[in-house]
Amino acid sequence: MLTIGGVTTRRRWFNDPNKARNNRMLAVQHFDKELKQIKHAVLEQSSDAPRFERGVAALLFLQGFSPAIQLETDAPDIILMTPAGRLVIVECTTRISDFSAKVGKLVDRRGSLEKSLRASHHNGEVTAMLVCALPKDQIATWQAEPVVHQIILVTQEDLRQAIIEVRNPRNPDDLLDAAVSRMSQSGI
């Protein structure tokens, strides 16, 4: 920090990877130095969908969510729970060819899960999220579809930003609220 006459004029933060505030990150980074494997799984253009899904789940864990990768084939790729108990179903895709199919699956599975939760007297609100490995400009013609169906769209740019922010994570419920708000504001 640089001060002149008792007034702060410049401030610079330095991140020490061994002293991150995020204890989840410290645990993961103990085995995956500099998060190289997660970065590779999430950011590299690859058709290895199961690896991409695992990388997304690991990144969501680092952000404070509680992810569960589903083994059942007729289920969303990942189910998340926030600290406040909110549910999010996640579909992941590495290519544009199955974009509409993933949106359709999310709409169907969200409706089915909400109905089941209400029938058992639980909070029936479920958020849907589509995580696409491609950059926003490569899916430009498809971006309206998730908004119409109230699905949060996460693109490669969002994944890059999330990796940067894991050292100082925000509350997952706040992250979810911000994503829902962005989706609502981009309404069609």
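Of the helices (runs of 4 or more DSSP H) lying entirely inside the range 21-136, those carrying at least 2 residues that are within 22 Å of VAL180 (Cα to Cα) are 49-62, 99-119.
Once the range 21-76 is narrowed to residues that are of a type in the set (Phe, Trp, Tyr) and in contact (Cβ under 8 Å) with a residue 40 or more places away in the chain, the residue that is nearest to VAL131 (Cα to Cα) is PHE52. Screening ASN22 with (1) closer than 27 Å to PRO169 by Cα; (2) modelled with pLDDT of 90 or more; (3) open to solvent by less than 50 Å² (accessible area, probe 1.4 Å) gives one miss only, at (2).
On the given criteria, is SER100 out of contact with any helix residue (DSSP H, G or I) (no Cβ under 6 Å at 6 or more places or on another chain), more than 13 Å from PRO146 (Cα to Cα) and open to solvent by less than 70 Å² (accessible area, probe 1.4 Å)? Answer is no for this residue. Select from the range 131-178 the residues that are farther than 22 Å from ASP98 by Cβ and among the hydrophobic types (A, V, I, L, M, F, W, C) and write down the one among them that is most open to solvent (accessible area, probe 1.4 Å). Only one residue tops the list, namely ILE164. Every condition in (1) in contact (Cβ under 8 Å) with a residue 24 or more places away in the chain; (2) among the polar types (S, T, N, Q); (3) open to solvent by 60 Å² or more (accessible area, probe 1.4 Å); (4) within 30 Å of LYS33 (Cβ to Cβ) holds for THR82 except the one numbered (3). If only residues of the range 113-130 that are surrounded by 13 or more Cβ atoms within 10 Å (Cβ to Cβ) and small (Gly, Ala, Ser) are counted, the one that is farthest from GLN63 (Cα to Cα) is GLY124.
The values are calculated or read from the model by the stated rules, or taken from the named source; none is laboratory data. Here the structure is a predicted model, which is why all the values come from computation and not from measurement. Cβ sites come from the backbone with ideal geometry, for glycine too, and all protein chains shown count toward neighbours. For the accessible areas, the whole protein counts, side chains as well, though only heavy atoms, and no ligand, DNA or RNA atoms are used. Shrake-Rupley method; radii C 1.70, N 1.55, O 1.52, S 1.80 Å.
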